[in-house]
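The values are calculated or read from the model by the stated rules, or taken from the named source; none is laboratory data. Owing to the predicted nature of the structure, the values given are computational and were not obtained by experimental measurement. Every residue, glycine among them, receives a Cβ derived from its backbone with ideal geometry; neighbour counts consider all protein chains shown.
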Amino acid sequence: MPSPTIPTPRSTAPGAWASGRHRRSVIWIVALSTAAIIFDGYDLVVYGTVLPTLLADSTQLGALGPEQAGALGSYALIGVMVGALTAGAFGDRIGRRRTMLTCIVWFSVGMAATALAQNITTFGILRFVTGIGVGGLVATVGAMIAEFAPPGRRNLFNAIVYSGIPAGGVLASLAAIALQDTIGWRGLFWIGALPLVILLPLALLRMPESPRWLLARGRDADARDVCAKTGIPMPEAEPVVAGDRVGFAALARTPLRRPTALLGLMSFSGLLLTYGLNTWLPQIMSEAGYNAKGSLSFLLVLNGGAIIGGLIASRVADRTGPQRVIAVTFCLAALSLVLLTLSFPLGVLLVAVAGAGIGAIGTQVLIYGFVSNYYPTTARAAGVAWCAGFGRLGGILGPLLGGFLLGAGIASSQAFYIFAVVALLGALVTTAVPALRAIRSTDEARIEADEAPVKVTE
């Protein structure tokens, strides 16, 4: 007697749930992705929390000077860039689930190995290696959320997931305050390895492969099986973009070549502002006359504003489209940075710092969501990876730019003006990104031209 077949859920209206099982499956995916990104954010910030100990005590890793400490900090960011681009090369070919699970194992093992490092060279190498796993995960979760979330909630769920980066930074700071005296800097790195034992088993059980990716790879039966087991509606066929190219090969081909360059510049601007302000805001405000505690409170407001404001902006983006919202938040960053140069009362300055957080860190969260939903399934992981990888150059440049400006004796107000110009340029680049309709029309016309019969003249 044949076994009964489980009906495959069909696509639903934007923002709607096909069933309770559909809702539970997506919430599991969002929760696991957020937890992974929180530990990514923890990894990127924990080095800064242990740096004073490493500088002050040469018995830990050896004698460490400020210049060498700065280089060690950059190794992880370079690893993030390499990891993001690598994930883009493989994510569209081997699948979202496999890439994400690999990255969780990678950065967890990297954190554990770093906790065992006995010298500066080994520590630096392991920071770079760990960064590869971090970058791969940052590039993969955007594609995951874009392909699992209902259309009317994609920007919100994306904002929830990527808000894990500043949340992880807060977790690293709190862990250092509460536990460093007890477990030492090595213990803080061991905490970063916990996903291997608490997150990976859950992800193996509750993180399915993307049905959209399976369909794009011609695995229709596997896609129907995943949808039947999870309650996720069967995706509709997508328009063909960039012919049959997959991954980075599709990005390099018309009609995706131009928007890919512009989206990379958007991410470059957003990450330059994010890392530049996170690195130098306390120092800039200290030079403006605030004490150390007051300067650090600006950093807390910057990231808190990014989390709250980013979630609100994402809801607006779900209703009106993310491109216009991103341009507005870039402009908000520019305005807020200019306000910080004026002699306003503390309360007004804190509001301006929160606005800068929304316009810098919050904008980058929205950019990831925009990019994730811009590309077709066959190039989505590569598109997000390009955005995260090329944008990471801005993340590396931001701290260097701030250090150069302050080292050259330029007033803090001038530094804010320069960051404001970067924000305005980001807004201009955002408005220049072609609409999806124009991209698909261009590709359809190109395909028709390629398939047209060639007339032979005698």
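Quick look at the numbers
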| item | result |
| --- | --- |
| Some residue of segment 381-389 being modelled with pLDDT under 80, under 30 Å from THR99 (Cα atoms) and buried (at least 24 other Cβ atoms within 10 Å of the Cβ) | yes |
| Segment 247-262 residues that are in contact (Cβ under 8 Å) with a residue 24 or more places away in the chain, paired with ones that are outside any helix (DSSP H, G or I) (beta carbon under 7 Å, 6 or more apart) | ALA250/ALA242; ALA250/LEU256; LEU256/VAL241; LEU256/ALA242; ARG258/PRO434; PRO259/VAL433; PRO259/PRO434; LEU262/VAL433 |
| Residue satisfying condition, being in contact (Cβ under 8 Å) with a residue 40 or more places away in the chain and hydrophobic (A, V, I, L, M, F, W, C), within set ALA69, ALA115 | ALA115 |
| Residue match in segment 119-141 (condition: buried (at least 24 other Cβ atoms within 10 Å of the Cβ) and more than 26 Å from LEU400 (Cα to Cα)) | yes |
| Those residues of segment 193-228 which are on the phi < 0 side of the Ramachandran plot and assigned to a loop (DSSP other than H, G, I, E, B), in sequence order | ALA193, LEU194, LEU199, MET207, PRO208, GLU209, SER210, ARG217, ARG219 |
| Segment 362-380 residues that are closer than 25 Å to GLY304 by Cβ, paired with ones that are modelled with pLDDT of 85 or more and basic (Lys, Arg) (beta carbon under 8 Å, 6 or more apart) | none |
| Selection status of GLY192, in contact (Cβ under 8 Å) with a residue 12 or more places away in the chain, among the small types (Gly, Ala, Ser) and crowded, with 21+ Cβ neighbours inside 10 Å | yes |
| The listed residue being modelled with pLDDT under 75, closer than 23 Å to LEU188 by Cα and not basic (Lys, Arg), out of GLY15, GLY79, GLY70 | GLY70 |
| Residue list for segment 320-343, filter: touching a residue at least 40 places away in the same chain (Cβ under 8 Å) and either outside the structural domain of ALA435 (by TED's automatic domain parsing) or of a type outside the set (A, V, I, L, M) (or both) | PRO322, GLN323, PHE330, CYS331, THR341 |
| Filter result for THR363 (buried (at least 23 other Cβ atoms within 10 Å of the Cβ), polar (S, T, N, Q) and either under 11 Å from the mean Cα position of the chain (by Cα) or at pLDDT 85 or above (or both)) | yes |
| Residue check for TRP190: of a type in the set (Phe, Trp, Tyr), in a helix (DSSP H, G or I) and within 25 Å of ALA250 (Cβ to Cβ) | no |
| Residues of segment 59-95 that turn out to be within 27 Å of the chain's Cα centre (by Cα) and in a loop (DSSP other than H, G, I, E, B), as a count | 1 |
| Residue in segment 45-56 that is surrounded by 23 or more Cβ atoms within 10 Å (Cβ to Cβ), assigned to a helix (DSSP H, G or I) and either touching a residue at least 24 places away in the same chain (Cβ under 8 Å) or not assigned by TED's automatic domain parsing to the domain that holds ASN278 (or both) present | yes |
| Filter pass, ARG253 being more than 18 Å from VAL80 (Cβ to Cβ), modelled with pLDDT of 75 or more and part of a helix (DSSP H, G or I) | no |
| Number of the exception - ARG224 against (1) crowded, with 16+ Cβ neighbours inside 10 Å; (2) closer than 30 Å to LEU51 by Cα; (3) at pLDDT 85 or above | (2) |
| Answer from LEU85, LEU101, LEU116 - the residue that is at pLDDT 90 or above, assigned by TED's automatic domain parsing to the domain that holds ILE29 and more than 30 Å from ALA63 (Cβ to Cβ) | LEU101 |
| Hits in segment 408-425 - residues which are under 12 Å from LEU273 (Cα atoms) and aliphatic (A, V, I, L, M) | ALA415, ILE418, ALA420, VAL421, VAL422, ALA423, LEU424, LEU425 |
| Test: residue in segment 288-300 that is assigned to a helix (DSSP H, G or I), at pLDDT 85 or above, in the same structural domain as GLN364 (by TED's automatic domain parsing) and not basic (Lys, Arg) | no |
| Residue match in segment 176-186 (condition: crowded, with 20+ Cβ neighbours inside 10 Å and at pLDDT 85 or above) | yes |
